[in-house]
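Below is one structure, written out as structure tokens; the observations come after it.
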């Protein structure tokens, strides 16, 4: 009656509207603890802007590409929040749901497939980036640090960069033997990005090889380029390479994450 | 002829170097309660997981309601309810929300879901725990909620993987009652268990598995009669008693278990009682043969870990 089932190979995921049901589950949990999810991310950028922008910035009298230090810093803070929100949601958060709570097992016993569960997790991670990015953007605006009418483009940037960081995070989750494993990406991937992606100083101050490295492989560099362009855009087309970079990398990691997770969970 | 709901032919599941399910054939009929029994690692849970389409088959075929598990997983999962062995309720939600969120996974409209959830809370006697987070439920309550959750899509087939493991007798009996009432409603039930009394109590038919193969199948009563007879005599071990038993019951199967001798015979009811009247033996007890005797005879007494 049935042909023997081929072991599932690497492939493009088949997704339906059911992805949103997974997203909705995470959204419902988020809304339950709305206050704890909302206020700390609101306060953190205020501390950063106060300490590094006004404090450290007072020592930096030189302008950076026509911006004061605090103006230079502001889009970086938005971008760092975008990165943290989705990456941690899809590493620690997803690992807890997958491994400790067995939430994925419970969901795939229903008509929802494992591919849709993972896609839902990625969409949810991107949503976290959107929420986090929007909060920090609000703070930056309140500090009067916005000078481009296109600043609302930060929101789609947050969502799409969030998709990218979520997908990368889930690749690590698929490979993680235990939760301590995330120390590797956190200290060897996230922290270097936090420091070296034209966040606290312009890339041009780095030695040439490091500059190339930051441009070629650090997703945060491109996220910062895009948010900085949205907030202080001067009509130049400097954002295009970063847009292309993110648009090229995101689908690759999206498909990779789903396949790696399938390999881990469906054996 | 009863209608076949699930049919497996040459069903095989192989992991890297482990043959978990080794080319088994079986059928499950509509409306019956079918038990999968077997020691740890026999392949019961693997079989269950293949039925509800979360584990791909290595080879062979498996169809539920005429649909192949590899071709129509969504359609099959829609008609199946699963109560897994490991507790996987959603700890981020309350009792009622667990049911409602699960209903959403099945595309059940909100008002319908709420009505079903309230009924299921009543059915599983969890009405008082409606708004309590999962952490605060006892093990028995969690098992009942898992059962309720498995029923949210009004399944035609219910898969219960060790539904009462770790429960106290009160909680077990409550689950048994629920399973019986579901059977009465016509739900087809597949049950795995380590408790032979549970299988004897609930199952119309049992399949005994060991090392990935089905080694025996039949109604519990028939299996007991076939493999363990009607009554079992147990006496304290003693060389002389052993010899006398051998002489008295030449066709019997004598098994030494620890410090006791178990005597199995196909002779009718009462044969041991009359023996004990003429030869009172130390520590003697006659008891009805049961499914556990069958199970241990077929799968051996060696520990499986």
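The values are calculated or read from the model by the stated rules, or taken from the named source; none is laboratory data. Computed from a predicted model, the values in this text were never measured in an experiment. Counting neighbours? That spans all protein chains shown, and the Cβs are built from the backbone with ideal geometry, glycine included.
Picking from residues in segment A:7-31 that are closer than 24 Å to residue A:93 by Cβ and not in a helix (DSSP H, G or I), the one that is farthest from the other protein chains (Cβ to nearest Cβ) is A:13. Of all the criteria given as (1) under 20 Å from the mean Cα position of the chain (by Cα); (2) crowded, with 18+ Cβ neighbours inside 10 Å, the one not satisfied by residue B:41 is (2). Scanning segment B:63-82 for residues that are at the interface with chain A (Cβ under 7 Å from one of its Cβ atoms), free of Cβ contacts under 8 Å to residues at least 60 places away in the same chain and crowded, with 18+ Cβ neighbours inside 10 Å turns up B:63, B:68, B:70, B:77.
Looking at segment B:1-110, the strands (runs of 3 or more DSSP E) lying wholly inside it that each contain 1 or more residues that are within 24 Å of residue B:294 (Cβ to Cβ) sit at B:4-15, B:18-29, B:33-37. Listed by position, the helices (runs of 4 or more DSSP H) contained in segment A:32-146 that have at least 1 residues being more than 14 Å from every other protein chain (Cβ to nearest Cβ) and modelled with pLDDT of 90 or more are A:34-48, A:69-88, A:114-142. Can you name the residue in segment B:44-62 that is touching a helix residue (DSSP H, G or I) at 6+ places or on another chain (Cβ under 9 Å) and more than 8 Å from every other protein chain (Cβ to nearest Cβ) and, of all such residues, is nearest to residue A:112 (Cα to Cα)? Here the residue is B:53. Within segment A:224-243, which residues are farther than 17 Å from residue A:201 by Cβ and buried (at least 23 other Cβ atoms within 10 Å of the Cβ)? Of everything in segment A:224-243, those that are farther than 17 Å from residue A:201 by Cβ and buried (at least 23 other Cβ atoms within 10 Å of the Cβ) turn out to be A:226, A:229, A:230, A:231. Scanning segment B:101-111 turns up at least one residue that is within 9 Å of chain A (Cβ to nearest Cβ), over 18 Å from residue B:185 (Cβ atoms) and touching a residue at least 24 places away in the same chain (Cβ under 8 Å). The residues on offer are B:210, B:204, B:197, and the sole one that is at pLDDT 90 or above, under 17 Å from the mean Cα position of the chain (by Cα) and crowded, with 18+ Cβ neighbours inside 10 Å is B:210.
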